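The values are calculated or read from the model by the stated rules, or taken from the named source; none is laboratory data. Just so we're clear, the structure is a prediction, and the values are computed from it rather than from any experiment. All Cβ positions, glycine included, derive from the backbone under ideal geometry; neighbour counts span all protein chains shown. The protein model used for the area step is the full one, side chains on, heavy atoms only, and it has no ligands, DNA or RNA in it. Shrake-Rupley method; radii C 1.70, N 1.55, O 1.52, S 1.80 Å.
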Amino acid sequence: MTSGARLTLSGVLRTFGGIRAVDDVSFGVAPGETLGIIGPNGAGKSVLLNVINGVYLAESGTITLDDVRIDRLRPHQITAHGVGRSFQSTEQFRDFRAAEYVMLGRMAHQRTSLFTTAVGWPGVRRSEQDEVTRAEAALDRFGLAGLAFSRIGELPYGAQKLVDIARVLAAEPRLILLDEPTSGTTSVERTIISDVLEEVARSEVTMVIIDHDVSFISDISDRMLVMNYGRLLAQGTPEEVLARPDVIEAYLGI
Amino acid sequence: MSSGVLGSLISNTLVLGSLYALVGVGFVILFRSTGVVNFAQGALMVLAAYLVYTCAESLHLPLWICFIVSMVAIGVLGGLFYVGMFRRMVGADLFVTVIATLGLSVVLQMVTIMIWGAQVRPMPELPSGKTLFSIVGIPFTAVDLVAILLSVVLIAILELCLRKTILGIATRAVADSSHLAALMKVRVHGISALAWAVSALCAAAAGCVLSLVVGSVDPVSIGQLGLLVFPVVIIGGVDSVNGALIGGILVAAIQNVVQYYLGGNWVDPLAYAALLVMLLVRPRGLFGSRAVARI
Amino acid sequence: MRERAALTRQKILAGPVPAKRLAEPAGWAVLVLAALWLMLLGSVFDQYIGGLVIIYAVSALGLDWIQGRAGQVSIGSAAFMAVGAYVTATATEWHVPTLVALLMACAAGAIVGLVFGLPALRLRHLYLALSTLALQFITQTVALQYETSTGNFAGFSVPEPNIGSLTLSGRSLLVALTVVLVLVTICLRNLYRRAPGRAWQAIRENQMAAAVIGIDVNRWKLSAFATSSALISLSGGLLAYYTLRVFDDTFTLTFALTFVAMVIVGGLGSISGAILGATLITIAPYVLSDWTNDLPSTMPLASWLSNNISYIDNGLYGIILLLFLLYQPRGIAGALAAAGQRIATWIGPRERPVPAASLSAAPAPVHANGSQAPGPAPVLAVRDLQLVYRTGALALSSVDIDVRPGEIVAVLGRNGAGKTSTLRAISGFFRADRVRVSGSVTFEGRQIVGASPTLTSRRGIVLVQERDKVFPSLTVNEHFRLIRSSAAAQAQAEEIFPPLRERASSPAGLLSGGERQMLALALAWTMQPRLLLVDELSLGLAPAVAKRLTASLRDFRDRTNVPILLVEQNVSAALDVADRVYIMEAGRVVFTSDADNVSRDTVLNLSFGQR
């Protein structure tokens, strides 16, 4: 695996119709670190991820990835810089076969020429074979090699999520953004996913994870962030953060 | 440009513009309520004009009765289109409904030609239709005045209904969120059928009057005019009733100016070029909402 | 690790042969047979039609490229064919050799495609359709002007095509056209099966997600538009060489629409489908005419048909298009694929993926004292409710909830626990939501599981949603009118929530979050519910406002004795008003008790997990 990137956010602001979805958020993630983000519904966690990803433009503030400013870049450009992001739902790509979908992940790093592909240039055929082998290997890492040519829509939900994560990892990113990787999964599927993610977390890749399963996230994160009403409520190790009364109150209203 | 020519350009713009606006308003109502982009407006306009022709020439009914018969018949037809076809496509992709309305326009045109043939038929004349009135120095024929009056009255009635009646409020509710409307016990399918009927009625009214203004009806030309609803609503804003009004006048103005300087062939292409320019510069049109630009 | 192995050992197979792989050979077999028959046995007329079919098929393949693969609606087929035809005609006037002229046609198409694709980049479906509509009208006029200004009032005439010294006509031309079609097909297959095809498919499914994955959406959309336009222009050039004449009257909007019909009828996203669709749409009028002529004149419809046959022929493709849209939207290719799927399932035993639900080990719900006391029959009884979304996501697996008369029941739990899904399962889903619900939901003794929102609201179940609770463009007054509230009821609501009176003429879109929630609650009460469902009342509200609103909920119950099922993330607000509490976790109920018996630690544990 490649070495992880350093992510820094400074004063990031994003509003929607007058509501501050992300309100003056600043934090940093060290290379190789795993940062967990929790917070009640509507706290702005997904918006934050989308802002980092380039799906939404930050209205003010900066985001840098290893000294490169990415807050003004478009999503595919940010991905080309080594950022990978998983999706909350795999609804959109149901007709893709698992291996084809995983191969999509590497498109940002490839040069494809329509002409050579159309005429069936041997070099293109070889590199396509390489890609297929790579994709199968990526799936094999999660024990899904047998599903490589199944359509994603026909797989169990947990397998779909794993295929999505395989797609992210196949591109060998330096920063991984995970959006609720365990939502909608059964407890068995959740165990499999957290095993895989723990392995990734131990590697040198930098990870930022949003999830609602607080025990899962506190096990896997080196540090945690709590968001509420778009603002950063608390930062620190999982133990520190979860012991704080203001965090408990934000979450439970108690 | 002499003042006489300017005067007739202005009157032409007002007449055409108000008719375009009428079709545009019907289009916007349908689009906001059901999300359907109706490419078949032109075909409905043609059908309406032929109905008036048959009523007047074969049944010898007075013109205003023919108008009403035609408008009601086409309105009902619009409602039937929803019940018979588009009701099953609720929730489908936008492009499926676009293609469906395109196919519908082809079939309507075929039926029209089958019944009435392809030749140009003269429309009955309005009594004292050719006399010129001069208002503020601008020349209008009686037919022109009827056209403008009809459009203004119909649009005003529609606006009133939308604002004041429960049916209108329900229509606006469905336009905001059909799911929430269903939760509030609104009959969403009924409202959708009504939106189709109203939109068809507007097209019918415009088609009837247009054929009177032009003096004849044939399967092609009115239909082509019907497609001009797109520059109208794109320039005005696809989900804005006010936009349809302004868009109608603007497109008619552009067409008249182009006709004067470049001749008839360029009238349509330049209206569409204006559409393209608006798409480039401000996709949501002059008065459209932001959400529309992402369709 | 053991579980992972267990999952794969469940032998989740893809199915013996992916269905599409069965459809393709079948489609090709039909086409090859037809082509052979045509060449060897067909009459001159048949061969003429066959040549047209091939040319139209090339054009349809171009349209399928932009519409079926990249997902953009285009009605520009006629315009691009016109570009190709006129460029070819002009090139032949300069005595340019055939192949070069065709290349020029392609280049011209690509350039026009680029120019018209650029503005459509930022926009999607509808606007590309309109952009190509504009192109259609502009092209028709430009073509007419070109003809009149060069004195070719009856159009351009084109000499026969040639390769070197060999002039192509009749059968040799047909062979040449077939070669072109085969080459085009091979190139397209190469593109679709590799990275470009995947990129376009991703863009078609979800542009934003494709961009996030790393695909340069604009570049790929533009490349699709430019190259598919080049292909369509090529077919225009071929048409010029085939009919030996180029006239502006050919390239009308109706002509463009026939190609849309071809692609839909054949089936979007399938090469053989596009060719089959082109064949069907092109020969249908001729077949129909022949058949009509052969009808015995004594048949009732026969004379009507033969009188009107030419009109019907012109509109036939429209009828076919509508029929397919209504009954077989995936086209012929889709029908073949579905049939193939059924045959495949019938042939080979297929082990379906094990339903996710049975894989999990369920902890039994924990009951605290008090809730087991027998009481009046519940108004709402949910038993063993299971809900699976279309994606396969398991939202609920065996949920049991009771709501007794006059009770306020709160459902707590963190996000993703299934609380909102439970409410939705009770209030109903539209068919378009495509979920699978099973289990039992009885309301006032009648089964309502799987019912639609229209039915449940008629029975008196009122749901206040988390989002979309009011209509942004309707004023407060109009909301009350919409639900046919009496003036007295509205006045009573304004008593409870004074801001509603102050903002009576204000559109709901301008109200604050708290005011919207007040309006939503007031409307719900005015509808005289028999069961009130409230989803996340306190979301986004300041704690004081949330407390006020939940208190008003209790007042409503005290006044009317209507039972309330309340989903909440904010535990303290919920505990203030609830009589009984359920706690949900991962799609099932894990705890239930009277509200008084719920301790802070219980909630903490269940929210933050075992620590």
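Data table
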read-out	value
Dipole-positive endmost among A:Ser194, A:Leu225, C:Leu519 within the protein assembly as shown (Cβ charges, Cα centre)	A:Ser194
Full-extension gain in nm, C:Glu205 to C:Ser310, via 0.36 nm per residue minus C-alpha separation	33.8 nm
Rounded tilt (10° steps) of B:63-84 against the dominant C-alpha axis of chain B	30 degrees
Value of relative contact order over segment B:29-179, rounded to a whole percent, pairs C-alpha under 8 Å and six or more apart	28 percent
Packing rank of B:39-52, C:509-522, where each peptide gets the mean count of other beta carbons within 10 Å, highest leading	B:39-52, C:509-522
Shape call, segment C:512-611: gyration tensor on alpha carbons, a/c limit 1.5	prolate
Point-charge dipole on Cβ atoms (K/R +1, D/E -1) for chain C, about Cα centre, debye to 20	1560 debye
Protection proxy ranking, peptides B:245-253, C:438-446, B:210-218, average beta carbon neighbours within 10 Å, highest first	B:245-253, B:210-218, C:438-446
Net charge contributed by nearby residues that have their C-beta within less than 11 Å of C:Trp220 (K/R +1, D/E -1)	+4
Relative contact order (%) - chain C, alpha-carbon pairs under 8 angstrom, separation at least six	15 percent
Sum of side-chain charges, A:Leu104 neighbourhood, beta-carbon under 9 Å (Lys, Arg +1; Asp, Glu -1)	+2
Other protein chain Cβ atoms within 10 Å, averaged over every residue that makes up A:185-193	6
DSSP bridge orientation in the protein assembly as shown - percent antiparallel, rounded to nearest 5	60 percent
Cα gyration tensor category, rounded, prolate or oblate, for segment C:380-459 with a/c compared to 1.5	oblate
Span-like helix ranges in chain C, DSSP H, alpha carbon extent 27 angstrom or more, Kyte mean at least 0.5	C:19-41, C:44-64, C:98-120, C:125-149, C:170-193, C:217-243, C:271-294, C:302-327
Antiparallel bridge percentage (DSSP; both residues within chain C; nearest 5)	60 percent
Value of relative contact order over chain A, rounded to a whole percent, pairs C-alpha under 8 Å and six or more apart	30 percent
Accessible area buried, both sides summed, chains C and A with 1.4 Å probe, Å²	6200 Å²
Residue (of B:Val90, B:Leu47, B:Leu30) at the positive-pole extreme of chain B, dipole from beta-carbon charges	B:Val90
Inter-chain shielding of A:104-112 (mean C-beta neighbours from other protein chains, 10 Å cut-off)	5
Sequence ranges A:213-224, C:270-281, A:19-30, ranked by mean other-Cβ count within 10 angstrom, highest first	C:270-281, A:213-224, A:19-30
Antiparallel bridges, percent of DSSP beta bridges restricted to chain A (to nearest 5)	55 percent
Charge context of C:Thr150, other residues only, Cβ under 13 angstrom, K/R +1, D/E -1	-3
Size of electric dipole in the protein assembly as shown: Cβ of Lys, Arg +1 and of Asp, Glu -1, about Cα centre, debye, nearest 20	700 debye
Surface accessible to a 1.4 Å probe, per residue, for the residues of segment C:48-107, Å²	24 Å²
Residue-averaged beta-carbon neighbours from other chains (10 angstrom radius) around C:449-456	2
Size of charge dipole - segment B:112-174 - debye, nearest 20, with Cβ of Lys, Arg +1 and Asp, Glu -1, no other charges	200 debye
Cα gyration tensor category, rounded, prolate or oblate, for segment B:57-207 with a/c compared to 1.5	oblate
